[in-house]
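S.K.: Sending over a structure as structure tokens; questions will come in a sec.
Derivation of every value follows stated rules applied to the coordinates shown; laboratory data play no part. This is a predicted model, so every value here is computed, not measured. So basically every Cβ, Gly included, is an ideal-geometry build from the backbone, and we count neighbours across all protein chains shown.
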Amino acid sequence: MAWQGLMAEFLQVPAVTRAYTAACVLTTAAVVWRLVTNFLFFGPLGFSFFFNMLFVFRYCRMLEEGSFRGRTADFVFMFLFGGVLMTLLGLLGSLFFLGQALTVMLVYVWSRRNPQVRVNFFGLLTFQAPFLPWALMGFSLLLGNSILVDLLGIAVGHIYYFLEDVLPNQPGGKRLLLTPSFLQQGDLCPIFQLSSQGTWPRLHEVRCRRGPGPGSSALSATPKL
């Protein structure tokens with residue numbers, strides 16, 4: 001086969017040339033991973049990092065335990081949709097580290113699905129949940145950071161919210177964001193789910209299916225940041 005012939009030819013190359021060429025190819029291929037890892041980088045350890053981690057943990061968890069309860073596949077698809085759209089729009093604005101934008105997207109979707117919840121912003125302000133993403137943007141501005149990343153997160157979050165929650169409920173509207181079937185087969189779900197005993201469930205025990213609708217959760221308590 002062509003691949004085997006190419007590999008045999010490559011193995012006949014002297015060791016240093018072979019090692020350097022392989023390193024160049026692998027390093028170039030590894031650049032593709034930056035499309036994923038840019039969503040995992042929040043800068044050096046410091047106030048900004050822990051601030052973002054607080055919001056990632058809190059609002060990602062509230063979404064997963066709230067409107068996405070029993071809908072793991074849909075939740076994963078929201079990440080994929082948001083990630084792809086942010087990457088495309090980020091390239092236009094020369095934004096290459098999008099972890100904060102993804103965090104703002106999560107906060108935006110949660111806030112629009114829980115409009116009556118009052119949020120206590122670090123004990124300084126109390127307001128309705130839909131104002132939270134804008135408060136985060138204002139906080140970024142006070143810290144001297146660019147607000148383009150926050151605006152990107154708000155924009156993508158609104159697009160997802162409109163397509164998933166608003167458009168299907170309009171006269172003649174329909175759901176355009178359909179979770180791919182391969183995410184609902186159950187073979188990916190054990191990656192994201194643990195049993196109550198902290199062990200990985202067996203494959204046949206996990207069912208990734210569309211559960212209650214997006215508006216099925218109601219949070220009565222006032223979240224404190």
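S.K.: Rounded to two decimals, what is Rg over Rh for region 48-177 when you use alpha-carbon atoms and the Kirkwood radius?
M.R.: In region 48-177, Rg relative to Rh is 0.96.
S.K.: Using θ = phi - 60° and the Karplus relation 6.51 cos²θ - 1.76 cosθ + 1.60, list the HN-Hα couplings for region 160-173 in order, rounded to whole Hz, with x at every Gly or Pro.
M.R.: 5, 4, 5, 6, 8, 10, 8, 4, x, 9, 8, x, x, x
S.K.: Hey, another quick one. Take each of the peptides 146-152, 171-177, 49-55, 68-74, average the number of other beta-carbon atoms within 10 Å over its residues, and list them starting from the highest.
M.R.: With the highest mean Cβ count within 10 Å placed first, the list reads 68-74, 146-152, 49-55, 171-177.
S.K.: Something else now. How large is ³J(HN,Hα) for each residue in region 95-104, as worked out from phi by the Karplus curve 6.51 cos²θ - 1.76 cosθ + 1.60 (θ = phi - 60°), to whole Hz, x for Gly and Pro?
M.R.: 9, 10, 10, 10, x, 5, 5, 5, 4, 5
S.K.: Pop out the ³J(HN,Hα) list for region 128-133 in order, Karplus 6.51 cos²θ - 1.76 cosθ + 1.60 with θ = phi - 60°, rounded to Hz; leave Gly and Pro as x.
M.R.: 5, 3, x, 8, 4, x
S.K.: Still on this structure, please answer the following. Would you pull out the residues with amide H under 5 Å of residue 121's amide H, same chain only if 5 or more places away, H placed 1.01 Å from N?
M.R.: When sequence neighbours closer than 5 places are left aside, the close amide H contacts are 126, 127.
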